[in-house]
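Here is the structure we will look at, set down as structure tokens.
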Amino acid sequence: MQYITIVSQLLEQRPEIHEQLRKNRKLLSTIELYAKELKTSHEAWKELLTGLRPGSDPSQIASEAREIALKELEDRLPPESPNSEREAVFLDAAMLFLRRHNSRD
């Protein structure tokens, strides 16, 4: 699964945020961060669902886990047409998170 592609497509559905991240040269790092989170969530859900339904088809488990993980990520992202105040708060929080995350490297 291409987590980076999925996250990139999600952000492209939010053009204002996508453009702001691009302008601030944070688009790639944001995509990579969300892709890692999506992968971690997907794997955790696969493990949990496998434990709950040990005889189930692994591909069905993986598909369900992917849907849940993707929904969780979408719920954390701002809506496609956020109002400007909410967008500003999200972008400020995202930029602060990225600055803190990058300063630890």
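The values are calculated or read from the model by the stated rules, or taken from the named source; none is laboratory data. Not measured: the values here are computed from a predicted model. For neighbour counting, all protein chains shown are included, and Cβ atoms are generated from backbone atoms with ideal geometry for every residue, glycine included. Just so you know, the surface numbers come from the protein's heavy atoms only, side chains and all, with ligands and any DNA or RNA stripped out. Shrake-Rupley method; radii C 1.70, N 1.55, O 1.52, S 1.80 Å.
Structure above, values below:
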| read-out | value |
| --- | --- |
| Selection count where residues are free of Cβ contacts under 8 Å to residues at least 12 places away in the same chain, more than 17 Å from Asp75 (Cα to Cα) and part of a helix (DSSP H, G or I), scope region 16-42 | 4 |
| Counted residues, region 93-102 - those being open to solvent by 50 Å² or more (accessible area, probe 1.4 Å), at pLDDT 75 or above and within 13 Å of Leu21 (Cβ to Cβ) | 1 |
| Count of residues meeting criterion [β-branched (Val, Ile, Thr), over 9 Å from the mean Cα position of the chain (by Cα) and over 23 Å from Leu96 (Cβ atoms)] in region 5-47 | 1 |
| Residues located in region 57-91, provided they are modelled with pLDDT under 75, open to solvent by 60 Å² or more (accessible area, probe 1.4 Å) and part of a helix (DSSP H, G or I) | Ser84, Glu85, Arg86, Val89 |
| Test: residue in region 16-38 that is surrounded by fewer than 17 Cβ atoms within 10 Å (Cβ to Cβ), out of contact with any Lys or Arg (no Cβ under 9 Å at 6 or more places or on another chain) and of a type in the set (Val, Ile, Thr) | no |
